[in-house]
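A.B. asks: Encoded as structure tokens, here's the structure I'll be asking about.
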Amino acid sequence: MERDEHMLVDQTRPTGLRGWVYRTAVNFAAGLGRALLFWQPLGVENIPKAGPLLVLANHPSYLEPPTLVALMIYHADRDLSIMAWDKLFRIPVVSFFARTYKAYPVNRANPGRGPYVTLVRILEQGGAAGVFPEGSRSEGRLMGPWKPGALRAAFAAKATILPITFVTGGEFWPKSRWRPYFFRRHTQVVHKPLTYEQYMSEMPEGMREKDYQEVLSERIRGIINGPLHEREREYQQHLEAKSIARDGLNAPDPIRQRRERMEKARTRLVS
């Protein structure tokens with residue numbers, strides 16, 4: 001794809017061999033996720049079933065793009081288009097799956113306006129699109145700063161915004177490992193959606209739309225980071241409990257000390 005071109009992403013369900021692969025791969029991924037990663041999606045009832053939808057999520061590991069697509073299809077029967085590295089579309093098997101699941105390419109070194117225009121077109125057609133507004137994997141446990149313009153497409157297409165938090169993704173597949181940990185609970189939280197009417201009604205009078213997008217992005221980032229803060233608090237409480245238990249094992253036992261004193265007293269009396 002050239003720098004300034006955009007793609008037309010077909011929003012109809014694939015048929016034939018591609019359709020069979022589409023459904024089989026999703027079911028397989030969902031089963032694998034439950035068996036090996038102990039998937040725990042919370043709030044899937046919050047996923048809108050129709051209408052233009054922009055999904056915004058944190059990106060702590062390599063797991064998020066396929067997990068997000070499988071989550072939407074398996075639990076809400078909604079396709080989800082995600083930007084993908086353009087070089088992946090040159091690999092035959094990878095390209096087949098990327099196109100089957102309605103991904104579209106982006107040149108990371110020189111993206112131009114093409115990916116943005118493609119995103120707007122998907123939303124204007126009533127489709128769902130997923131964006132990781134940090135631009136790459138999160139540097140820390142919390143969701144970091146966003147790339148400029150993450151919400152422009154939602155405003156342009158009057159789309160609903162759906163925040164999703166991958167709570168334990170960074171614990172499953174940290175940057176230092178070439179593969180994820182298995183058999184640990186992998187929690188995702190689907191927050192309540194914000195409709196175009198809702199978030200536009202909250203824009204302060206006289207504020208420029210561009211400035212309000214920055215305000216709204218901070219609000220949504222706070223929503224996504226909420227479960228991550230809670231996870232951090234739980235971890236700190238766990239460490240404190242372990243420390244107390246460890247200190248308790250080393251602390252003097254008053255009952256045992258009293259028995260030892262009584263035993264010493266009896267020994268002196270007998271001698």
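The values are calculated or read from the model by the stated rules, or taken from the named source; none is laboratory data. Source: prediction; values computed, not measured. A quick note on method: Cβ atoms are made from the backbone with ideal geometry, for glycine too, and the neighbour counts reach across all protein chains shown.
A.B. asks: If you take the residues in the stretch 28-79 that are in a strand (DSSP E or B) and in contact with a His (Cβ under 7 Å, 6 or more places away or on another chain), which one is surrounded by the fewest Cβ atoms within 10 Å (Cβ to Cβ)?
C.D. replies: Checked the stretch 28-79; the qualifying residue surrounded by the fewest Cβ atoms within 10 Å (Cβ to Cβ) is GLN40.
A.B. asks: Do we have LYS192 as modelled with pLDDT under 95 and either basic (Lys, Arg) or not in a loop (DSSP other than H, G, I, E, B) (or both) here?
C.D. replies: For LYS192, the condition - modelled with pLDDT under 95 and either basic (Lys, Arg) or not in a loop (DSSP other than H, G, I, E, B) (or both) - is not met.
A.B. asks: Can I ask one more? Using beta carbons and a limit of 7 Å, which pairs, at least six apart or on different chains, have the first residue in the stretch 221-234 and within 16 Å of SER138 (Cα to Cα) and the second one of a type in the set (Lys, Arg)?
C.D. replies: Pairs that qualify, where the first residue is within 16 Å of SER138 (Cα to Cα) and the partner is of a type in the set (Lys, Arg), are LEU228/ARG141; GLU232/ARG141.
A.B. asks: Can I ask one more? Residues of the stretch 113-158 being basic (Lys, Arg), surrounded by 15 or more Cβ atoms within 10 Å (Cβ to Cβ), in contact with a Phe, Trp or Tyr (Cβ under 9 Å, 6 or more places away or on another chain) and under 22 Å from PRO193 (Cβ atoms), which ones?
C.D. replies: Matches in the stretch 113-158: ARG152 only.
A.B. asks: Still on this structure, I have one more. Name the residue, out of LEU8, LEU17, LEU53, LEU88, that is closer than 24 Å to PHE172 by Cβ and among the hydrophobic types (A, V, I, L, M, F, W, C). Walk me through it before giving the result.
C.D. replies: Details: LEU8 fails: closer than 24 Å to PHE172 by Cβ; LEU17 fails: closer than 24 Å to PHE172 by Cβ; LEU53 fails: closer than 24 Å to PHE172 by Cβ.
Just one listed residue meets the conditions, LEU88.
A.B. asks: Within the stretch 137-193, take every residue that is among the basic types (Lys, Arg) and in contact (Cβ under 8 Å) with a residue 24 or more places away in the chain and give me the one that is nearest to TYR235 (Cα to Cα). If you could, list the steps in order and put the result at the bottom.
C.D. replies: Within the stretch 137-193, the subset among the basic types (Lys, Arg) is 137, 141, 147, 152, 158, 175, 177, 179, 184-185, 192.
Adding the requirement that they be in contact (Cβ under 8 Å) with a residue 24 or more places away in the chain leaves 137, 141, 152, 158, 175, 184-185, 192.
Numbers: ARG137: 22, ARG141: 12, ARG152: 36, LYS158: 39, LYS175: 20, ARG184: 15, ARG185: 14, LYS192: 25 Å.
The residue in question is ARG141.
A.B. asks: Which of the residues that make up the stretch 25-77 are at positive phi and either within 16 Å of the chain's Cα centre (by Cα) or of a type in the set (Ser, Thr, Tyr) (or both)?
C.D. replies: If the condition is that a residue be at positive phi and either within 16 Å of the chain's Cα centre (by Cα) or of a type in the set (Ser, Thr, Tyr) (or both), then PHE38, GLY43 are the ones that fit.
A.B. asks: Next question. Output the number of the condition that GLU234 fails; it satisfies all remaining conditions of (1) within 24 Å of LEU63 (Cβ to Cβ); (2) acidic (Asp, Glu); (3) at pLDDT 90 or above.
C.D. replies: The single condition GLU234 does not satisfy is (3).
A.B. asks: Now, a different point. Go through the stretch 94-112 and count every residue that is closer than 15 Å to THR15 by Cα, within 22 Å of the chain's Cα centre (by Cα) and either in contact (Cβ under 8 Å) with a residue 24 or more places away in the chain or loosely packed, with under 15 Cβ neighbours inside 10 Å (or both).
C.D. replies: 4
A.B. asks: While we're on this one: Out of the residues in the stretch 159-177 that are of a type outside the set (S, T, N, Q) and part of a loop (DSSP other than H, G, I, E, B), state the one that is farthest from LEU194 (Cα to Cα).
C.D. replies: Out of the qualifying residues, it is ARG177.
A.B. asks: Can you pull out every residue in the stretch 113-145 that is assigned to a loop (DSSP other than H, G, I, E, B), more than 25 Å from THR15 (Cβ to Cβ) and not hydrophobic (A, V, I, L, M, F, W, C)?
C.D. replies: Matches in the stretch 113-145: ARG113, PRO133, GLU134, GLY135, SER136, ARG137, SER138, GLU139, GLY140, ARG141, GLY144, PRO145.
A.B. asks: Starting from the stretch 26-45, keep only residues that are within 14 Å of VAL167 (Cβ to Cβ), then list their pairs with residues that are aliphatic (A, V, I, L, M) and assigned to a helix (DSSP H, G or I) whose Cβ atoms are within a distance under 8 Å, requiring at least 6 positions of separation or different chains.
C.D. replies: TRP39/ALA30; PRO41/LEU71
A.B. asks: Surrounded by 14 or more Cβ atoms within 10 Å (Cβ to Cβ) and part of a loop (DSSP other than H, G, I, E, B), is that true of PRO180?
C.D. replies: Yes.
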